Structure formats: C-alpha cells, structure tokens
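The values are calculated or read from the model by the stated rules, or taken from the named source; none is laboratory data. All figures in this text were calculated on a predicted structure; none of them were measured in a lab. Please note: Cβ atoms are built from the backbone with ideal geometry, for glycine as well, and neighbour counts cover all protein chains shown. Please note that ligands, DNA and RNA were not included when accessible areas were found on the heavy atoms of the full protein model with its side chains. Shrake-Rupley method; radii C 1.70, N 1.55, O 1.52, S 1.80 Å.
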Amino acid sequence: MQIQTPYYLIDERKLLKNMKKIEYVRKHSGAKSVLALKCFSTWSVFPLMSKYMDGTTSSSLFEAKLGYEKFGKETHAFSVAYSKDDIQALKKISDKVIFNSVSQLNMFYKDVKNIKLGLRVNPGVSYSHFDLADPARKYSRLGEFDVKKVLSALDKISGVMFHYNCENSDFESFSKMLDLIAKKYEKVLQKVDWVSLGGGLYFTKEGYPLDKFCNKLKEFSAKYGVQVYLEPGESAITQTCELVTSVLDIVHNGKDIAIVDASTEAHMLDLLIYKTPAKIAEKLGKNEYIIAGRSCLAGDVFGTYKLAAKLKVGSKIRFVDAAGYTMVKKNWFNGVKMPAIVVKRLNGKTEIVRQFEYKDFEKNLS
C-alpha cells in the first residue's frame, strides 16, 4: 500500500511484545497495569492493549472519558487540580478518583465519597534526567510531601499514588527508592488497600530483569497487604511506532540540510522541549545531513546524522520510537499537514485509521 507521507505507523506485532511483558509482570507479581493516556491515547489499538492491561489512568476529564469509552475495564482519574464540573462528570465514570492534595480531597469528598479515592504522595525522591519532568523538583506541586497530612486523610482514602520515576530503566535505583518510600510511609501503607507506583519505569526494555522486578513488587504487595498498580505509558508502547517522512528539499549552508514533510514543533514536540535528537531507522554511514522540519521555526531540527545512502528529494526518512508523547501533543503550528495515523495489524495488513485534512485545521480554530 502506497501511503502519502507524513504518517505515524504503529506496528501491532511490536506492540504485542510489550503487552506480553506487561502480562508476565501481572502473572508473576500480582501488579495490575493501567495505561497512562497522557503518553499514548491512540484508541485504534486499544482493542489489542485491553486484552493485556487492566484499564487506563488519566490526567484530565477528557482523558478519563476516553479511557472509559474506548478502553473499558478500570478507569482511574487523576488531575493536578479538579474543577467542580470535572468532579460531577468523573464520579459517573471513574472506578478510582485520585487527588493531588488534601485540600482538594476535602473540597470534593462529599461528592465522590462512594467511589474509591486516592491521594498522590510526593516522597521527595525521584529518578529523572530532566528537571522539567522531575516530580520531586524544588517547589514541586505534584502530590503531598507532609507525612502527617497524608495520615490525616486516611479516613477518606483507600489508596495512594507515588509517581516518582521518569525514563527509569535501572532496576536497582527503583528498588532502593521503593525501600525508602516504604520506610518513610510505613504507617500509611499499613492502612491502605492499594498503591500505585506510577509510570516512568522501563520494565519492557530489552534486558530488564523482569523476574527481580516481579519479586520486588510481590514482596511489597504481600508485606503491606495492598494491590499494586503500575501506570506504564512509554513502557507500553516503546519501539512500536515510526514517523514516516519524505525529503522535500536539500539545501546547503555549511552542511547539507534535508528538509522533510514533518515538523518537530508540530509532530514530535518533546524533541524540542527536552533538546534531544530523534532516533532514525536508516543505516548509518559517511554521508552527513542535518534533517530538519518544514515549519518556519529556525530550530525545527530532528538531528544530525551520517547515513549510508545519499539523500535526494523523495527519499524516505523514518523516525523510530515515535509513539510516546507525540500523537497526544501534535498540533497545527504553521498549518503543517498533520501526519495520518496508520496501523499495521497483527495479521500483517496495513490500515489507515485516520487522515487529517484542511477541514480539521479549520475546525481546530474559530
């Protein structure tokens, strides 16, 4: 099938590999996994994912509603701050409502007291490569730090959430931090029924010690008598998607610059936010190119690469590992054409599940 670029290509066979690992963790540790929709909300592959995961977790009313309607199973709601309208809508669709602060818990308790409630706790330790994403950064607003405040809320909640990892593929650091948390919040853990350990754990990464991970989770669960939840986002969809682009032009200004029909600003925004280069599928060699986007932003650059083949107008460039925090953040900057969403199904057939046209751009505005 000839598909016009640019497009995101999700491969369900690669997705299934991650799902099997998530299923393995559930079987051998007892920990349930709920998909973090803030990372990935492309619901055309939810029928596959829902066979292996226990539900979804959200960061807003709209995400919670999407999880409830398109994924099913458990619907966990979280927000840094809820409005009254949010709570009225969420109480109709949520299995768990998790509050970011004791003040919000107290504010809305009467509205949602018949639902399982949780509180986000900030343990003051974290694993993150970027201050921007560090939940334990100075003056962080994410969760309650004060153990006494958490203890004071135990009569209103049945569980707690600790979200303290970001891109953590190191089991030993996870293990040490979990021990620190267990010691600091032992009185809390002895009183609750469930504990979410959040996301940011790359336990589906090749070579990750899954059995050690499972044993650690199982021991923690048994010691405190709690149901453990994980909130995988990147771990669920890592290495499953490409952003496929075509070269539109090659210009020279000290170096050869290949301009493709996509944009970091519009289609892979985290590359700009975290100042990281895109990963590419092309074979490496001696031909050096800066690969850049087509928007007017001067810094719209995917990266500098030495390729085996020389590029020309029409050459395909595939950016790999392009599922997480891309489709959920894509935007209409410059009116650049939005990549289609394409899925390669388990049976090998390729399906265009969504294409975007001018009308979508028009309707996005007013």
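All of (1) modelled with pLDDT of 95 or more; (2) farther than 15 Å from Ala262 by Cα; (3) not hydroxyl-bearing (Ser, Thr, Tyr) hold for Asn364 with one exception: (1). Criterion first (under 24 Å from Asp321 (Cα atoms), surrounded by fewer than 16 Cβ atoms within 10 Å (Cβ to Cβ) and either hydrophobic (A, V, I, L, M, F, W, C) or in contact with a Cys (Cβ under 7 Å, 6 or more places away or on another chain) (or both)) does Leu248 satisfy it? Spelling it out, Leu248 is indeed under 24 Å from Asp321 (Cα atoms), surrounded by fewer than 16 Cβ atoms within 10 Å (Cβ to Cβ) and either hydrophobic (A, V, I, L, M, F, W, C) or in contact with a Cys (Cβ under 7 Å, 6 or more places away or on another chain) (or both). Every test in (1) surrounded by fewer than 18 Cβ atoms within 10 Å (Cβ to Cβ); (2) part of a strand (DSSP E or B); (3) more than 23 Å from the chain's Cα centre (by Cα) is passed by Arg318 save one, and that test is (3). Return the residues of the stretch 17-45 that are buried (at least 21 other Cβ atoms within 10 Å of the Cβ) and in contact with a strand residue (DSSP E or B) (Cβ under 8 Å, 6 or more places away or on another chain); say none if nothing qualifies. Answer for the stretch 17-45, where residues must be buried (at least 21 other Cβ atoms within 10 Å of the Cβ) and in contact with a strand residue (DSSP E or B) (Cβ under 8 Å, 6 or more places away or on another chain): Ile22, Val25, Ser29, Ala31, Ser33, Val34, Leu35, Ala36, Leu37, Thr42, Val45. Pairs meeting the criteria (first residue in the stretch 1-29 and without any contact (Cβ under 8 Å) to a residue 60 or more places away in the chain and of a type in the set (D, E, K, R), second residue surrounded by fewer than 21 Cβ atoms within 10 Å (Cβ to Cβ) and part of a strand (DSSP E or B), beta carbons under 9 Å, at least 6 apart or on different chains) are Arg26/Lys32.
Only residues that are touching a residue at least 24 places away in the same chain (Cβ under 8 Å), under 18 Å from Glu172 (Cβ atoms) and open to solvent by 20 Å² or more (accessible area, probe 1.4 Å) were counted in the stretch 209-244, giving 7. Just one of (1) open to solvent by 60 Å² or more (accessible area, probe 1.4 Å); (2) within 21 Å of Gly200 (Cβ to Cβ); (3) assigned to a loop (DSSP other than H, G, I, E, B); (4) not small (Gly, Ala, Ser) fails for Lys92. It is (2). Residues that are of a type in the set (Lys, Arg) and assigned to a helix (DSSP H, G or I) were ranked within the stretch 164-195; the one that is nearest to Ile237 (Cα to Cα) is Lys176. When the stretch 298-312 is filtered for residues that are touching a Gly at 6+ places or on another chain (Cβ under 6 Å), part of a loop (DSSP other than H, G, I, E, B) and of a type outside the set (Gly, Ala, Ser), only Asp300 remains. Determine whether the stretch 129-146 contains at least one residue that is open to solvent by less than 40 Å² (accessible area, probe 1.4 Å) and over 20 Å from Glu231 (Cα atoms). There is at least one residue in the stretch 129-146 that is open to solvent by less than 40 Å² (accessible area, probe 1.4 Å) and over 20 Å from Glu231 (Cα atoms). Checking Leu297, Leu365 one by one, the residue that is of a type in the set (A, V, I, L, M, F, W, C) and surrounded by 13 or more Cβ atoms within 10 Å (Cβ to Cβ) is Leu297 and no other.
Of all residues in the stretch 58-67 being outside any helix (DSSP H, G or I) and in contact with a helix residue (DSSP H, G or I) (Cβ under 9 Å, 6 or more places away or on another chain), which is nearest to Lys20 (Cα to Cα)? Per the stated criteria, the residue is Ser58. If you go through the stretch 305-326 and keep only what is β-branched (Val, Ile, Thr) and under 17 Å from Leu248 (Cα atoms), you end up with Val313, Ile317. Which residues, counting only those in the stretch 73-93, are farther than 17 Å from Leu230 by Cα and either touching a strand residue (DSSP E or B) at 6+ places or on another chain (Cβ under 7 Å) or among the charged types (D, E, K, R) (or both)? Of everything in the stretch 73-93, those that are farther than 17 Å from Leu230 by Cα and either touching a strand residue (DSSP E or B) at 6+ places or on another chain (Cβ under 7 Å) or among the charged types (D, E, K, R) (or both) turn out to be Lys84, Asp85, Asp86, Leu90, Lys91, Lys92, Ile93.
Conditions tested, residue by residue: (1) over 17 Å from Gly159 (Cβ atoms); (2) among the hydrophobic types (A, V, I, L, M, F, W, C); (3) in contact with a Gly (Cβ under 7 Å, 6 or more places away or on another chain); (4) assigned to a helix (DSSP H, G or I).
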| residue | (1), (2), (3), (4) |
| --- | --- |
| Met53 | yes, yes, no, no |
| Thr56 | no, no, yes, no |
| Thr75 | no, no, yes, no |
| Asp86 | yes, no, no, yes |
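Among residues of the stretch 34-52 that are of a type in the set (Val, Ile, Thr), those with a beta-carbon under 6 Å from a residue that is in a loop (DSSP other than H, G, I, E, B) at least six positions away or on a different chain give the pairs Val34/Asp54; Val34/Glu231; Thr42/Met327. State all residues of the stretch 241-297 that are closer than 30 Å to Ile22 by Cα, in contact with a strand residue (DSSP E or B) (Cβ under 6 Å, 6 or more places away or on another chain) and in a loop (DSSP other than H, G, I, E, B); if no residue qualifies, say none. Across the stretch 241-297, the qualifying residues are Pro277, Ala278, Ala281, Glu282.
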